[in-house]
Amino acid sequence: MHKLFTYGALQRGYPLHGWLTGARFIGTAETVRSMAMYATGIPFVTDKEQVSPIHGELFAVDEAVLAATDRVEGHPNAYTRRLTNVRTSDGETHEAWLYFYDHDMTHRTLVPNGRY
């Protein structure tokens with residue numbers, strides 16, 4: 001099993017959450033390190049800037065779900081999946097996969113509080 005941190009449309013109640021069928025919800029979480037979230041309809045996260053923690057949800061997923069989310073996120077060309085530390089609302093720290101956007105953010109709007 002893998003841990004996957006979601007911060008956008010893969011979260012519960014959002015359009016892409018169906019790709020996480022079979023995943024186990026662990027809890028709400030935020031990144032331990034500050035990062036930057038930008039959005040233009042959908043969110044983009046970069047660790048090249050430190051603005052705030054990124055808020056989202058943590059799931060336990062199997063290989064099949066991780067492969068499916070790689071496809072929907074365009075990993076490794078559009079988004080790049082990398083491990084990062086996240087902290088759940090109960091204070092527990094987990095190492096989890098997070099999809100980063102490593103491309104130009106020029107025409108995107110900063111989301112200063114890191115919440116989509």
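Of the residues 22, 4, 41, the one whose Cα sits farthest toward the positive end of the charge dipole of the chain, with +1 on the Cβ of Lys and Arg and -1 on the Cβ of Asp and Glu, is 41. Based on C-alpha pairs under 8 angstrom that are at least 6 apart in sequence, the chain has a relative contact order of 35 percent. Karplus-based coupling profile of region 81-86, in residue order and whole Hz: 8, 9, 6, 8, 8, 10, with θ = phi - 60° in 6.51 cos²θ - 1.76 cosθ + 1.60 and x standing for Gly or Pro. Taking every DSSP beta bridge that has both ends in region 1-106, the antiparallel portion is near 95%. Its Kirkwood hydrodynamic radius, worked out from the mean inverse distance over all distinct Cα pairs, puts the chain at 14.0 Å. Summed over qualifying helices (DSSP H, 4 residues or more, each -39500 (n - 2.57)) and divided by its residue number, the chain shows a 222 nm mean residue ellipticity of -3000 deg cm²/dmol. Each Lys and Arg contributes +1 and each Asp and Glu -1, all at the Cβ; summed about the Cα centre of the chain, the dipole is approximately 160 debye. Remark on region 13-79: Rg and Dmax equal 12.9, 33 Å (Cα only).
No lab work stands behind these numbers, since they all come straight from the coordinates. Because the structure is predicted, anything quoted here is derived from the model rather than measured. Methodologically, a virtual Cβ is constructed for each residue, glycine included, from the backbone with ideal geometry; neighbour enumeration extends over all protein chains shown.
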